[in-house]
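Derivation of every value follows stated rules applied to the coordinates shown; laboratory data play no part. A quick note: this is a predicted structure, and the numbers were derived from the prediction, not measured. Every residue, glycine as well, gets a Cβ built from its backbone with ideal geometry; the counts of neighbours run over all protein chains shown.
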Amino acid sequence: MLVSKAAHRYAVALLESAREQDSVQETLKDIHFIKDTVEGSNELRLFLKSPVVKPAEKQKALSSIFDGKVSKEVSQFLGLVTKKGREDILDEITKAFVNVYNEDAGIITVEVKTANPLGADQIKELTAMLEKSTSKTVLLALVEQEELRGGISVKIEDTVIDATIKHKLEQLETRFLEASME
């Protein structure tokens, strides 16, 4: 997902602050908790994005939800975001933080689409192959799509390697159509 420049700047600043305080892992855990909470509550997202609700009320709500559940530094960061009137992009900031952290740590997310679920051994072997070819730590995002009929599609950043039966059939159909037009 694309995030705004402002969300990216907040994420970078939070990561730098966490690095200075040697609390990157704790901050990452807190940000995942906030991200899951915001994504899991449509009402909270709407509340944070509402121009009708006063910033003080938003700050109070965020404090009541997260104080004691996240570190003091992350609570202060949430206060800063609210004070600056950027609580409406809190969901983007959390996504941007995870992206910035992953980039910094050499972690990439690879989307893998299959028609049938992969077994544990297949997942382990695929992860090892991808880590070897990318020289990065790989997190697999597994997606099952029955319409693929078989095979596998792997998306690494902007590159897609499509070895699905559906794709092969589409290529074959294109060749037949081109041959029939000659």
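Nearest 10 degrees, 0 to 90: what angle lies between the long axis of helix 55-66 and the longest principal axis of the chain (Cα atoms)?
70 degrees
Among DSSP beta bridges lying fully in the chain, give the percent that are antiparallel, nearest 5.
Approximately 55 percent, going by the DSSP bridge assignments.
How far is it, in nm, from the label point at Arg175 to the one at Gln76 when both lie 7 Å from their Cα along the line to the Cβ?
Simple spin-label model gives 6.4 nm for this pair.
Just subtract the alpha-carbon distance of Arg45 and Glu131 from 0.36 nm times their residue separation and send over the number in nm, one decimal.
Stretched fully, the Arg45-Glu131 segment lengthens by 27.4 nm.
Relative to the Cα centre, what is the charge dipole magnitude of the chain, using +1 at the beta carbon of each Lys and Arg, -1 at the beta carbon of each Asp and Glu, and rounding to the nearest 20 debye?
Taking the Cα centre of the chain as origin, the dipole is about 700 debye.
For Ile156, enumerate residues with amide H under 5 Å from its amide H, sequence gap 5+ or separate chain, H modeled in the peptide plane.
The list, which skips near neighbours in sequence, is Ile161.
In degrees between 0 and 90, to the nearest 10, how far off the longest principal axis of the chain does helix 120-134 point, with axes built from Cα atoms?
Helix 120-134 sits roughly 80 degrees off the main axis of the chain.
When the helix-only estimate is applied to the chain (DSSP H runs of n ≥ 4, each -39,500 (n - 2.57), divided by the residue count), what is the mean residue ellipticity at 222 nm, nearest 500 deg cm²/dmol?
Here the helix-only value at 222 nm equals -20000 deg cm²/dmol.
Along Cα→Cβ, 7 Å out, is where each label goes; now give me the distance between the ones at Lys168 and Glu16 in nm to one decimal.
5.1 nm
Could you order the peptides 106-113, 173-180, 143-150 from most to least packed, using the average number of other C-beta atoms within 10 Å per residue?
106-113, 143-150, 173-180
Express the relative contact order of segment 5-103 as a whole percentage, based on alpha carbon pairs under 8 Å and six or more residues apart in sequence.
Computed value for segment 5-103: 49 percent relative contact order.
What residue among Ala96, Val160, Met181 has its Cα farthest toward the positive end of the dipole of the chain, where the charges are +1 on Lys, Arg and -1 on Asp, Glu, each on the Cβ?
Of the listed residues, the answer is Ala96.
Output the antiparallel fraction of DSSP beta bridges having both residues in segment 107-181, as a percent to the nearest 5.
DSSP beta bridges in segment 107-181 are roughly 60 percent antiparallel.
Can you give me the long-range amide H partners of Thr109? Hydrogens built in the peptide plane at 1.01 Å from N, cutoff under 5 Å, separation of 5 or more residues or another chain.
Leu139
How many angstrom lie between the C-alpha centres of segment 91-105 and segment 133-147?
Value for the Cα centre distance between the two parts: 18 Å.
With the dipole of the chain worked out from charges on the C-beta (+1 for Lys and Arg, -1 for Asp and Glu) around the Cα centre, which of Leu14, Ser41, Leu78 lies farthest toward the positive end?
Leu78
Please determine, in degrees from 0 to 90 and to the nearest 10, the orientation of helix 90-105 with respect to the longest principal axis defined by the Cα atoms of the chain, where the helix direction is its Cα long axis.
Its long axis makes an angle of about 60 degrees.
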